[in-house]
Structures are given as C-alpha cells and as structure tokens.
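A.B. asks: Before we start, here is the structure in question, set down as structure tokens.
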Amino acid sequence: AKPRVFVTRRLPEPAMAILHEHCAVSLWDNVETPIPRDELLRGVAMVEGLLCLITDRIDSEVVAAAPHLRAVSIMAVGYDNIDRAALAARGITLTNTPDVLTETTADLAWALLLAAARRVVEGQKMIERGEWGPWYPLQMVGQDIYGRVLGVVGAGRIGQAVLRRGRGFAMQLRYHNRRRNPTLEAEIGAEYRTLDDLLSESDVVVVTAPLTAETRGMFGAAQFARMKPTSIFVNVARGPLVREDDLVAALRAGRPWAAGLDVFEREPIGPDHPLLTVPNVVLTPHVGSATVTTRLRMATLAAENLVAVLYGRPTPHIVRHE
Ligand code: GLV
Ligand code: GLV
C-alpha cells in the first residue's frame, strides 16, 4: 500500500501529481487559507508523511496526534514554526526546500534596499496624492548604493547571494555570521565583522539569518543606535529577529534612515500597523521566494522530499538536528 500523507494546503498541480503518484493523499483543500488547528490534528492522525507550510505550527501536540508520522516536509527554507526537538524525540525526519529560492530571495532583498534608498514607494504615493510639484534640487533625495558598504547578517546561501550582487554595484562587502566562512571571504571578498562593527560601518544592512533562540530579538534599540543616520535596514529573514517597536522608534529618530521589510513579528499585518506611521519604510507581504518559477520549484521539491524520505531514498534536504 502507498504511504499515507497529509498536505496542509492545495499545492500547484505538478506537486500534487508527484504526491498522488507515490502516496495516498489527503489534504486541507484550500489554496489561500491556513488549516484550522483541529483539522490539522485530525488530519495527521493516520499518516506517515506531512507536507506543511510556514503558517502551520508543528509542535509536540501535533506530533502526539500523529502516532505513525515518519516524515515532515516543509515547503520553505525556514522551519522555525516546527519544534525540531519534538520531531527528533520520535525519530521523525524533517526536510526543507533550500537552494531553489536562494537567488529569488536575494533579488527581493535588493528590490527592497533600492526602493528604500531611492524612496520609490514614497514617490509613487506622492504622485497618487497629487502632490508632485515642480522639480527642485532637493526634491525626494535619497541615498546612494553604488560604491557603498553592504553588510549582511547571516551569511548562508541567501546572504551570500545578496553579497554577490553587491559586487555589481562596486560595494564593499561585510558579513556577520555565527561562524566565519573562509570560502566566502576568498570567493566573494566579504570581510567578517562583529555585529556591532558591521552595524556601525555599513550603509546597507541586510538580515538573512534564520530565526532561532539566539537570533530572536537581536535587532533592538541598541543595535539601531549604532547604525549610520544615512543607513538602510533590510529584513528578508523572519520578523521576530527585529523588535518592531524599537525599529519604529529608531526610524523616527533617524537611525536607520530607512527600512525595507518583507517579514514582520506577527503576520499578516494590516493598515493599522505602527510601521505604516513612518514614511521611510518599504513593506512587502512575505514574498521573498514568490516568483512563478521558484514557488513551483519549492512545491515540487517539497513533494519529492516527502516521497524520498517515505521510500527510504536519499535526499540532500534533510534538516539535521543539532
Ligand atoms: C519562507 O519564508 C521560507 O522560509 O521559505
Ligand atoms: C537560509 O537562510 C539560507 O541562507 O539558505
């Protein structure tokens, strides 16, 4: 008999086809809306495999409700919504979808940093409000990117792709990471800095670190106070790395000069969010990997990962428990 799997959202057809070929599939048959908690707990009861998204909290309660579970596949690179200790305690394998989204997410970091530095969204809003008056020398002036200092916090695959793009803009490259990376230093020419030094030296700070117990809240008032009054702060990683109240206050106080954010402490956010009370922010709705091609690749890879683990085949995307 084919292994039984549960899928927490209807995925694009090519991914569903892979699952149906190898598994007995049940799913939360909805494209946009996350599965309610009780449906999730019911859904996992009989299955050996679970394919989930970043909107699903996979914790010890879910694991306890799934006595046959052997494999969890998340369609994402980040897996902070999953209690890895609870999976490890039961010997359940976790896979994710790195690599396929690296360049796409680095592109979005650059979209945010350029848009924030050059006030792209503010400019459009000015036009929409009918407030674009005649040209004058200091109208809508922003910050230069070319030739400036780019600092990346969390130099994994995405962070390195962000740095590589900086070479095309003749930027001086800095990185901060848990571990130093000699290959990165040799191949991309990025110099290691402590977090404090990176923050005070960089004209653009891009956050690409995973959310962990150590990184939660790592950007607060003290960190923003170290940044240059002309600096741009970009977060394409996870919202809770940043204390948002501190960031709003810091933007009001002028350090950083502007921010580009794709992720937030509690998503989704709405029009009443405090970040919308400061003019110098560019906000996107967690779309780092959101291109047609990449989201399709992530979905099919998540399906392939789940099938591979359930059939005992090798897959390079197993998340090792540390
Ligand atoms: C999205 O945020 C992901 O981790 O892939
Ligand atoms: C994860 O954050 C990565 O850089 O791939």
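A.B. asks: Could you please let me know if Ile35 is of a type outside the set (Asp, Glu), assigned to a loop (DSSP other than H, G, I, E, B), modelled with pLDDT of 95 or more and away from ligand 2 (no atom under 16 Å from the Cβ)?
C.D. replies: Judged against the criteria, Ile35 is a match.
A.B. asks: Taking Leu101 as the residue in question, decide whether it is out of contact with any helix residue (DSSP H, G or I) (no Cβ under 9 Å at 6 or more places or on another chain), within 16 Å of ligand 2 (Cβ to nearest atom) and among the aliphatic types (A, V, I, L, M).
C.D. replies: Here the answer is no, as Leu101 does not meet what is asked.
A.B. asks: Take the residues in the range 84-102 that are within 16 Å of ligand 1 (Cβ to nearest atom) and crowded, with 18+ Cβ neighbours inside 10 Å; name whichever of them is farthest from Gly288 (Cα to Cα).
C.D. replies: Selected residue: Leu94.
A.B. asks: Within the range 54-68, which residues are part of a loop (DSSP other than H, G, I, E, B), within 16 Å of ligand 1 (Cβ to nearest atom) and buried (at least 18 other Cβ atoms within 10 Å of the Cβ)?
C.D. replies: Ile54, Asp56, listed by residue number.
A.B. asks: If you check Ala259, Ala190, Ala237, Ala250, which single one turns out to be out of contact with any His (no Cβ under 9 Å at 6 or more places or on another chain) and either farther than 27 Å from Thr104 by Cα or of a type in the set (Phe, Trp, Tyr) (or both)?
C.D. replies: Ala250
A.B. asks: Report whether or not Arg148 is among the basic types (Lys, Arg), within 16 Å of ligand 1 (Cβ to nearest atom) and farther than 30 Å from Val292 by Cβ.
C.D. replies: No: the conditions fail for Arg148.
A.B. asks: Show the residue pairs that are 6+ apart or on different chains and have beta-carbon atoms under 8 Å apart, the first residue being within the range 291-315 and closer than 27 Å to Ala109 by Cβ and among the β-branched types (Val, Ile, Thr), the second being assigned to a loop (DSSP other than H, G, I, E, B) and more than 16 Å from ligand 2 (Cβ to nearest atom).
C.D. replies: Short answer, once both residue conditions are applied: Thr300/Pro12.
A.B. asks: From Pro316, Pro256, Pro279, Pro268, grab the single residue that is outside the structural domain of Val141 (by TED's automatic domain parsing) and either on the phi < 0 side of the Ramachandran plot or in a helix (DSSP H, G or I) (or both).
C.D. replies: Result of the check over Pro316, Pro256, Pro279, Pro268: Pro316.
A.B. asks: So Arg238 fits all but one of (1) closer than 21 Å to Gly123 by Cα; (2) among the charged types (D, E, K, R); (3) surrounded by 22 or more Cβ atoms within 10 Å (Cβ to Cβ); what number is the exception?
C.D. replies: (1)
A.B. asks: Ala111: more than 30 Å from Glu304 (Cα to Cα), over 15 Å from the mean Cα position of the chain (by Cα), more than 16 Å from ligand 2 (Cβ to nearest atom) and in a helix (DSSP H, G or I), yes or no?
C.D. replies: It is false that Ala111 is more than 30 Å from Glu304 (Cα to Cα), over 15 Å from the mean Cα position of the chain (by Cα), more than 16 Å from ligand 2 (Cβ to nearest atom) and in a helix (DSSP H, G or I).
A.B. asks: Residues of the range 69-98 being away from ligand 2 (no atom under 14 Å from the Cβ) and either touching a Gly at 6+ places or on another chain (Cβ under 8 Å) or assigned to a helix (DSSP H, G or I) (or both), which ones?
C.D. replies: Leu69, Arg70, Ala71, Val72, Ser73, Arg84, Ala85, Ala86, Leu87, Ala88, Ala89, listed by residue number.
A.B. asks: Return the pairs, sorted by first residue and then second, in which the second residue is of a type in the set (D, E, K, R) and not in a strand (DSSP E or B), the first residue lies in the range 64-82 and is closer than 16 Å to Pro316 by Cβ and at pLDDT 95 or above, the beta carbons are less than 7 Å apart, and the residues are 6+ apart or on different chains.
C.D. replies: As it stands, the answer is Ala71/Glu48, since those pairs meet every condition given.
A.B. asks: Another one. Failed condition for Thr105, given (1) part of a helix (DSSP H, G or I); (2) away from ligand 1 (no atom under 16 Å from the Cβ); (3) within 19 Å of Val236 (Cβ to Cβ); (4) among the hydroxyl-bearing types (Ser, Thr, Tyr), with all others met?
C.D. replies: Only one criterion in (1) part of a helix (DSSP H, G or I); (2) away from ligand 1 (no atom under 16 Å from the Cβ); (3) within 19 Å of Val236 (Cβ to Cβ); (4) among the hydroxyl-bearing types (Ser, Thr, Tyr) is unmet by Thr105, namely (2).
A.B. asks: Given (1) away from ligand 1 (no atom under 16 Å from the Cβ); (2) in contact with a Phe, Trp or Tyr (Cβ under 7 Å, 6 or more places away or on another chain), where does Gly159 come up short, assuming only one miss?
C.D. replies: Among (1) away from ligand 1 (no atom under 16 Å from the Cβ); (2) in contact with a Phe, Trp or Tyr (Cβ under 7 Å, 6 or more places away or on another chain), Gly159 violates only (1).
A.B. asks: Among the residues of the range 195-231, write down those that are without any contact (Cβ under 8 Å) to a residue 24 or more places away in the chain and either touching a strand residue (DSSP E or B) at 6+ places or on another chain (Cβ under 7 Å) or small (Gly, Ala, Ser) (or both).
C.D. replies: Ala213, Ala222 - these are the residues of the range 195-231 that are without any contact (Cβ under 8 Å) to a residue 24 or more places away in the chain and either touching a strand residue (DSSP E or B) at 6+ places or on another chain (Cβ under 7 Å) or small (Gly, Ala, Ser) (or both).
A.B. asks: Here is a follow-up. Of everything in the range 114-157 that's assigned to a strand (DSSP E or B) and in contact with a His (Cβ under 8 Å, 6 or more places away or on another chain), which residue is surrounded by the most Cβ atoms within 10 Å (Cβ to Cβ)?
C.D. replies: Val152
The values are calculated or read from the model by the stated rules, or taken from the named source; none is laboratory data. All values reported here derive from a predicted model rather than from experimental measurement. When we count neighbours, we look across all protein chains shown, and the Cβ atoms used for this are built from the backbone with ideal geometry, even at glycine.
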